[in-house]
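The values are calculated or read from the model by the stated rules, or taken from the named source; none is laboratory data. Note that the structure is a prediction, hence the values are computed from the model and not measured. Heads up, the Cβs are rebuilt from the backbone with ideal geometry, glycines too, and the neighbour counts pull from every protein chain shown.
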Amino acid sequence: DNSTLLLQVSQDVLATRDLDHGMAIILEGLLKATDALGTRAVVFNPNGSKPLRFGAGDKATGRMGTLDRRLLNLIRNSNGDVILRSPERIRTQLELPADRELPVKSLIAFPLYSVGRLHGLCWVGYSAEMTHEPSKLDLMRSYVTRAAALVANMRLFALAEGGYRRLAAVLRSTQEAVVVTDPTERIVLANPALGAAFGVNVDEIIGRTITDAFQNPALQYILTGPIENVRGREITNAASETFYSTAAVVEAKDGKIVGRVVVLHDITRMKQLEEMKSSFVRNVSHDLRNPLTYMHTYASMLPQLGQLNEKQLEYVDNIINGVQRMHDTIGAVLDLNRIESAADELEIEPIEAQPFFESLLFEYQPAARSQGNEIVLADSAENATIYADRWSLRLALNNLLANALKYAAGTGEITIGVRESADSTIISVSDNGNGISKADQLRLFEKYYRASEPAVPSVEGSGLGLAIVKSIAQRHNGRVWVRSELGKGSTFYMALPKQKGVATKKLAAVAH
């Protein structure tokens, strides 16, 4: 049965990645289906050398091969199938001498087209002349279609295999640890640097799932977590070496995500230097705080020593305010240093949003009202739960509210909102201030960066508040961002993952 034979040929061809084997299956099937003398295929060689030739039909195909080159030229110049019903037609079309002995009496040649590209030809030779249209022409075309698809697929596979080998060679020579995964979270590529860093045999983990290949929970999170949350993460291996992650998704032409690439940079030495810097900051800050305390105390006592005139009182106020700003800056530096150094583990706990934010309102509402603002808590906070370290969350909200009060003084409401997504709790602080330009938004969470605010030139600060908010969010495996338009106010967002049931120590390890 021709249908059964064609189905079997199709299945066998799909199961092979070898062009010789696949073409032999197709030509043998075509030979059986047509009762021809022999079947041939000629395929252009992508290397530019002689075409690749294939045949089926015992000894007949060897003699038939003498017509391959001329048929290939004829197919190139034709618009479709070529049917030559007699020896005379063969000699005429192929420009052969009249006395030349022919291996076949008639033939049909088909171009091997795939995706608009000619890959060669497939042809069938008969021992007798044709007297009518071949009855199995459509069946032959089915075999030819499979032959064309086989050639196209083998070329694509060869290109992919070549690209894979080149990429693997590059990765082997790369000192950074690199791992590539597919959409099913299986390892596609990994280089020796990754194996050395995390104690795995990279040849053995190819094809395995991420959770099966790696026992390090922080590395598992880097490879499986939301892409926007894993960029810029720091993780530690069993040898206490620290790695900084960069990650990107791999997209197909249609935009479909087909994998992920993660590069882990060894920053152990950098972290050691950072710890030295942190120690220096702590010591210097401590040494500065004592004299600042003395300055503040004695400056505050000056009016008690005698009557001061208006100018003298102004000078005293300037001294006290300057000392206070310096004290606040040192406090911000120490807070940021404490968060970034990860010296303390995060004590993650479920925090009821409503009472937590009401305590913030109690603290900040008087200052807000004194400058013409009103802090409002959105209704969405009533039943929301935030999983966070309470001290860190309080510090983050202190900075967001202080920022809003600085830049939105006298502009109306400042709104604290909370909403829950499938995997995160998103906190927002909105104001009706002057807004922030697109250029400033790109750098707003950098240390010591302050947006250019011509409308509020008198606003002072350390430039560390939003950097502290970002560091706190990142330690919780969360993120921060801002949406703002000039003249329309700003909304700052902080998304914290729902960590219910996650042990504090494990979370701290992932956060690092």
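Observations on the structure shown:
- A single member of D99, D20, D12 is assigned by TED's automatic domain parsing to the domain that holds Y143, acidic (D, E) and either part of a loop (DSSP other than H, G, I, E, B) or in contact with a Leu (Cβ under 6 Å, 6 or more places away or on another chain) (or both), and it is D99.
- Selection count where residues are β-branched (V, I, T), assigned to a loop (DSSP other than H, G, I, E, B) and in contact with a strand residue (DSSP E or B) (Cβ under 7 Å, 6 or more places away or on another chain), scope the stretch 119-165: 0
- Subset of the stretch 374-430 (residues that are closer than 15 Å to S359 by Cβ, out of contact with any strand residue (DSSP E or B) (no Cβ under 8 Å at 6 or more places or on another chain) and among the basic types (K, R)): R394
- Residue check: V202 meets all listed conditions (1) under 30 Å from N77 (Cβ atoms); (2) out of contact with any Phe, Trp or Tyr (no Cβ under 8 Å at 6 or more places or on another chain) but one, namely (1).
- So G199, is it on the phi > 0 side of the Ramachandran plot and out of contact with any strand residue (DSSP E or B) (no Cβ under 6 Å at 6 or more places or on another chain): yes
- Being free of Cβ contacts under 8 Å to residues at least 60 places away in the same chain, more than 20 Å from V482 (Cβ to Cβ) and in a loop (DSSP other than H, G, I, E, B) is a property that N434 lacks.
- Filtering L118, L112, L107 for residues that are farther than 21 Å from N45 by Cα and either buried (at least 16 other Cβ atoms within 10 Å of the Cβ) or under 49 Å from the mean Cα position of the chain (by Cα) (or both) leaves a single hit, L107.
- Whichever residue in the stretch 346-391 is among the small types (G, A, S) and in contact with a Leu (Cβ under 7 Å, 6 or more places away or on another chain) and, among such residues, is surrounded by the fewest Cβ atoms within 10 Å (Cβ to Cβ): A367
- Selection status of R91, surrounded by fewer than 19 Cβ atoms within 10 Å (Cβ to Cβ), in a helix (DSSP H, G or I) and touching a residue at least 24 places away in the same chain (Cβ under 8 Å): no
- Counted as qualifying within the stretch 167-281 are the helices (runs of 4 or more DSSP H) with 3 or more residues that are farther than 21 Å from K470 by Cα, out of contact with any Cys (no Cβ under 8 Å at 6 or more places or on another chain) and not acidic (D, E), namely 192-198, 210-213, 217-224.
- Complete set of residues in the stretch 406-429 that are crowded, with 19+ Cβ neighbours inside 10 Å, at pLDDT 85 or above and more than 28 Å from G225 (Cα to Cα): I414
- The residue pairs whose first member lies in the stretch 95-115 and is more than 22 Å from D138 (Cα to Cα), whose second member is crowded, with 19+ Cβ neighbours inside 10 Å and at pLDDT below 90, and whose beta carbons are closer than 8 Å, counting only pairs six or more residues apart or on different chains, are P103/A60.
- If you go through the stretch 390-406 and keep only what is within 17 Å of W481 (Cβ to Cβ) and out of contact with any helix residue (DSSP H, G or I) (no Cβ under 8 Å at 6 or more places or on another chain), you end up with just A404.
- A single entry from V323, V333, V316 fulfils the requirement of being touching a residue at least 60 places away in the same chain (Cβ under 8 Å) and not aromatic (F, W, Y): V333.
- Which listed residue is loosely packed, with under 14 Cβ neighbours inside 10 Å and among the charged types (D, E, K, R), from D182, D212: D212
- Just one of the listed residues (L7, L31) is assigned to a helix (DSSP H, G or I), at pLDDT 85 or above and loosely packed, with under 13 Cβ neighbours inside 10 Å, and it is L7.
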